[in-house]
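Written out below as structure tokens is the structure these notes cover.
Laboratory data are not the source of any read-out in this text; all were calculated from the coordinates shown. Everything quoted here is computed from the prediction, not taken from an experiment. Methodologically, a virtual Cβ is constructed for each residue, glycine included, from the backbone with ideal geometry; neighbour enumeration extends over all protein chains shown.
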Amino acid sequence: MSTIGEMIQIKGLIKNYGLNPVLRGVDLHVRQGEFVTLVGSNGAGKTTLLRIVATLQKPTSGQVKVGGWLLPTHADRVRRHIGLVSHQALLYGDLTAAENLTFFAKLYRLDHLQDRVDRALKEVGLAARQRDAVSTFSRGMVQRLTIARATLHEPDVLLLDEPYTGLDQDAARLLDDLLRREVDNGRTILMITHDLTHGLNLCDRTVILNRGKIAAKVERGQVTASEFLELYTEHTRRNNQQSTTK
């Protein structure tokens with residue numbers, strides 16, 4: 001993927017499910033190497049937006065580009081350059097950690113396969129458990145292995161949908177370190193989270209999605225955590241009030 005200023009370009013994105021509008025003209029640009037957190041109440045359209053960028057769904061209208069390639073026209077090319085961490089780990093419980101990563105390394109036709117698998121396991125702190133079945137892993141360990149799976153092919157873009165769900169404090173700190181390392185490696189990250197303060201502190205920019213539209217964009221350090229919570233509450237309250245009047 002060539003070096004460009006904007007890794008993700010979304011213009012006028014609309015997604016309808018039948019007569020139900022989910023995304024209503026979203027404009028969002030994410031720079032190369034930028035970490036953007038997407039927040040919003042349930043039903044705001046966050047996961048739908050992420051799935052469209054991940055090439056798993058097609059937009060109703062609008063324009064979406066990743067790395068300069070238009071979706072869904074060039075979805076096959078884009079898939080080679082993205083890593084996805086979703087609600088499903090996409091791991092095989094009856095295989096060991098090493099066997100899971102080896103399987104995905106073969107799918108990506110990676111060179112120096114064993115070295116890549118060993119390095120990935122070490123980076124997520126699972127080298128000592130590489131021969132254990134994933135079915136024996138804790139939620140935090142599964143999440144770490146999922147990150148290893150998603151970054152094994154060294155993607156330019158990392159997409160994460162609620163990666164902190166179910167993690168204890170120690171596991172969350174480990175995930176923080178992993179994500180910071182990915183940013184240091186130059187990866188572009190778009191993450192959905194319900195942990196507002198955490199997301200605000202970890203990323204470069206936080207975007208509030210409200211009723212399928214961008215309601216606010218906040219740069220890190222632009223507002224305090226309490227000010228951001230007030231801003232978020234203002235928009236989500238408006239969302240709830242509008243929903244109850246229908």
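Using 29 Å as the Cα-Cα cut-off, could you pick out the over-long pairs in 65/106; 46/122; 58/213; 11/122; 58/106?
Beyond 29 Å between Cα atoms: 46/122; 11/122.
For a quick check: sort 227, 154, 34 by the number of other beta carbons within 10 angstrom, fewest at the front.
227, 154, 34
For the chain, with only Lys/Arg (+1) and Asp/Glu (-1) charged at the beta-carbon, what is the dipole magnitude about the Cα centre, in debye rounded to 20?
880
Once the Cα atoms of helix 139-151 and of the chain are each reduced to a long axis, what angle between those two axes, in degrees from 0 to 90 to the nearest 10, is obtained?
The helix 139-151 is inclined about 90 degrees to the chain.
As an exercise, identify the trypsin sites (Lys or Arg not before Pro) in the stretch 1-91 lying in DSSP coil whose Cβ has no more than 16 other Cβ atoms within 10 Å.
80
Using the per-residue mean of other Cβ atoms lying within 10 Å as a proxy for protection, in what order, highest first, do the peptides 190-199, 168-177, 155-164, 101-110 fall?
155-164, 190-199, 101-110, 168-177
Nearest 10 degrees is fine. How inclined is helix 169-184 to the longest principal axis of the chain, computing both from alpha carbons?
90
Once Lys and Arg get +1 and Asp and Glu get -1 on their Cβ, which of 85, 53, 189 lies farthest toward the positive end of the dipole of the chain?
Of the options given, the answer is 53.
List, largest first, the extents of the alpha carbons of the stretch 1-89 along their principal axes, each in whole Å.
Extents along the principal axes, in whole Å: 38, 26, 23.
Over 22 Å, how big is the tail of the calculated P(r) for the stretch 70-142, in percent of all Cα pairs?
28
Counting each pair of different Cα atoms once, what's the Kirkwood radius of the chain in Å, rounded to one decimal?
Kirkwood hydrodynamic radius for the chain: 18.8 Å.
What ratio of Cα Rg to 2.2 N^0.38 Å holds for the stretch 90-211?
The value comes to 1.08.
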